[in-house]
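Below is one structure, written out as structure tokens; comments come after it.
The values are calculated or read from the model by the stated rules, or taken from the named source; none is laboratory data. Nothing here was measured: the structure is a model prediction, and the numbers come from that model. Here the Cβ positions follow ideal geometry from the backbone for every residue, glycine too, while neighbour counts run over all protein chains shown.
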Amino acid sequence: MRAAGLLRQGMRPSDVAKAVGSSPSSVTRWKEAIRTSGVDGLKAIPHPGPTPRLSKGQKHRLINILLRGPEAAGFPTDLWTCPRVAAVIDRSFAVRYHPGHIWHLLRHLGWSCQKPERRARERDEEAIARWRREDWPRIKKSPSQANSRRFSR
């Protein structure tokens, strides 16, 4: 925009280039853009990027499939992985994604990487709660009398 102001004041493109720290060829290109489109011709035109492989409706359907869980989609365990999501997309929408790129799509949909906790299948939550309530206080070390006197006032 500073270069546009200098060009409007009648400065030569080479002098404007020195003033704004750019190349004379860029200033000449800017001058032509201003001549044809005005100052709006200098505004950046973002590149739209490739067209998405999945439409908005398909992405909403994918989220619903993912929320139902992997077992509902026919997988033996309740854990979504990128290859599994790629397989679901291929089966449901006939669109192929490389498993290594699925995380981009999932992140765009608001999903994040989660690592499940490893727990034994035989885990008994009730027994664990009882142990914490009854046994742990009995086993837990308490400060000795000597240490407690040392730090008291």
Residue in the stretch 29-49 that is within 30 Å of Arg119 (Cα to Cα) and β-branched (Val, Ile, Thr) present: no
Residue within the stretch 80-88 that is in a loop (DSSP other than H, G, I, E, B), more than 30 Å from Met1 (Cβ to Cβ), at pLDDT 90 or above and outside the structural domain of Thr28 (by TED's automatic domain parsing) present: yes
Residue list for the stretch 66-79, restricted to those being part of a helix (DSSP H, G or I) and farther than 14 Å from Trp103 by Cβ: Leu67, Arg68
Every pair of residues 6+ apart whose Cβ atoms lie under 9 Å, when the first sits in the stretch 97-122 and is among the aliphatic types (A, V, I, L, M) while the second is surrounded by fewer than 10 Cβ atoms within 10 Å (Cβ to Cβ): Leu106/Ser112; Leu106/Cys113
Count - residues of the stretch 33-59 that are over 39 Å from the mean Cα position of the chain (by Cα) and surrounded by 12 or more Cβ atoms within 10 Å (Cβ to Cβ): 0
Checklist (1) surrounded by 11 or more Cβ atoms within 10 Å (Cβ to Cβ); (2) modelled with pLDDT under 90; (3) hydrophobic (A, V, I, L, M, F, W, C) applied to Ala17, failing item: (2)
